[in-house]
1. Determine the pairs where a residue that is on the phi < 0 side of the Ramachandran plot, located within the stretch 137-148, has a partner that is aromatic (F, W, Y) with Cβ atoms under 6 Å apart, the partner being 6 or more residues away or on another chain.
2. Of all the residues that make up the stretch 225-265, how many are charged (D, E, K, R), assigned to a helix (DSSP H, G or I), out of contact with any Lys or Arg (no Cβ under 7 Å at 6 or more places or on another chain) and at pLDDT below 90?
3. Tell me, please, whether a residue that is under 34 Å from the mean Cα position of the chain (by Cα), surrounded by 13 or more Cβ atoms within 10 Å (Cβ to Cβ) and either within 19 Å of V187 (Cβ to Cβ) or without any contact (Cβ under 8 Å) to a residue 60 or more places away in the chain (or both) can be found in the stretch 261-279.
4. If I ask for residues that are without any contact (Cβ under 8 Å) to a residue 24 or more places away in the chain and either over 34 Å from the mean Cα position of the chain (by Cα) or closer than 25 Å to I138 by Cα (or both), which ones from the stretch 232-260 would you list?
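The values are calculated or read from the model by the stated rules, or taken from the named source; none is laboratory data. Remember, predicted model here, so these are calculated numbers, not experimental data. Cβ coordinates were reconstructed from backbone atoms using ideal geometry, including for glycine residues, and neighbour counts include every protein chain displayed.
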Amino acid sequence: MQKPVRSTLLRLLICLLVAAGAFAMEHFVFGHALFRVLGMAACTLLCANLLSLLLQLMKPKSGRGRTLVTLFSSLVHYVAALVILCWGLTLLGVDVRTILASVGIVALIVGFGAESLIADVVTGIFMLFENQYNVGDIVEVNGFRGTVKEIGIRTTAIVDTGDNIKIINNSDMKNILNRSDNISRAVSDICIPYETDLESLEKKLPALAEEIFKARGDVLLAPPRYLGVQSLSESSVVLRFVADVAEKDIFSGARILNRDLWLGFRRLGVECPFPQVDVHNR
């Protein structure tokens with residue numbers, strides 16, 4: 001069982017016990033309003049967590065579907081908090097309608113104070129309709145690169161390759177680079193000695209590329225492509241290769257290219273160079 005599901009089940013059990021205890025205490029102490037409010041809050045949270053559990057058990061295949069599931073799960077808890085507040089005040093004898101009708105100025109003041117919160121919510125709604133990114137997409141925001149794990153009403157959770165989770169307010173999700181929109185390219189630069197017969201080596205590269213693709217078709221989407229001489233360094237000629245990969249495999253694809261090209265070059269009789277010093281003795 002997944003950890004979020006276990007956590008939700010635990011919250012359901014706690015809410016059920018609290019609700020039962022609150023209603024029992026209400027009758028024991030002759031209907032005390034505080035216990036009635038506590039029982040109501042526990043029942044509301046019980047319903048919210050039950051709905052959240054049903055959403056978690058849904059496994060949409062598309063990123064758009066997973067986005068809607070996480071968004072509605074976040075919305076459920078905000079609605080539950082609002083219901084508890086209004087219903088609780090009503091149970092305590094407070095006329096909520098009168099309060100709502102007379103808080104125009106207060107709402108304006110609170111609105112200015114909660115400007116960032118409103119911006120987060122509004123931005124989240126626009127991102128949903130504009131389909132800028134979805135759960136499962138690999139994005140880069142302000143130099144942080146990771147996979148979108150959850151999109152909520154107010155925040156977005158992104159997890160990187162080290163399982164570090166960064167929570168970003170929706171209003172701060174600016175200049176997003178969605179790397180999942182297009183095919184990515186893994187890059188490998190291989191150094192060869194200057195004395196290598198480059199023309200002869202280049203004729204053998206297509207066969208080597210096909211060999212690598214057949215062995216690594218689970219990561220590479222196409223055979224590696226030889227782009228040519230990237231640079232002329234002090235002790236070697238640098239050849240550049242690229243291969244089409246999914247964005248999630250861009251780092252592993254580069255490592256595969258480095259390994260298999262190096263081993264392939266050795267089979268072709270080409271060794272990787274190393275710095276050399278010529279000493280002239282007069």
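1. V139/Y133; V148/Y133
2. Of the residues in that region, 2 qualify.
3. yes
4. L232, R255
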